[in-house]
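Working notes, beginning with the structure itself.
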Amino acid sequence: MATTVTVKGQVTLPKAVRQAAGIRPGDRVTVRVRPEGGVIVEAVSKSDGPSVYLQSLEAISRRKPIRSTTTEEVMAMTRGEE
């Protein structure tokens, strides 16, 4: 399938290509150059982004510090020993 490159270097992926690759509006894609020429466009899988675990740690780090709580109490909370 052929498509045109705009003055800004943008390309519209044909609908059949987007559907085959599972690419939807707002999705991120990776573009890699092949050594023998050409490029590969791939949808970025959800697991390529920050993991759920890292996102939850980030959310915890933004919270206000726990005051008047001992380290042992915090550890018990994180282990579910409350």
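No lab work stands behind these numbers, since they all come straight from the coordinates. Given the structure is predicted, the values throughout are model-derived calculations rather than measurements. All Cβ positions, even for glycine, are placed from backbone atoms using ideal geometry, and neighbour counts span all protein chains on display.
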Listed candidates (i) 1.32; (ii) 1.02; (iii) 1.29 - label of the one calculated as Rg/Rh (Cα atoms, Kirkwood Rh): (iii)
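Would you work out the relative contact order for the chain, in percent, from Cα pairs under 8 angstrom that are 6 or more residues apart? Show your work: numbers first, answer last.
On the way: 39 pairs, mean separation 11.3, N = 82.
Relative contact order of the chain: 14 percent.
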Rough spin-label spacing in nm, given labels placed 7 Å along Cα→Cβ, for residue 55 and residue 8: 2.8 nm
Nearest-ten-degree value, helix 52-61 long axis tilted from longest Cα axis of the chain: 50 degrees
Most positive-pole-ward Cα, 5, 33, 80, against dipole of the chain from beta carbon charges: 5
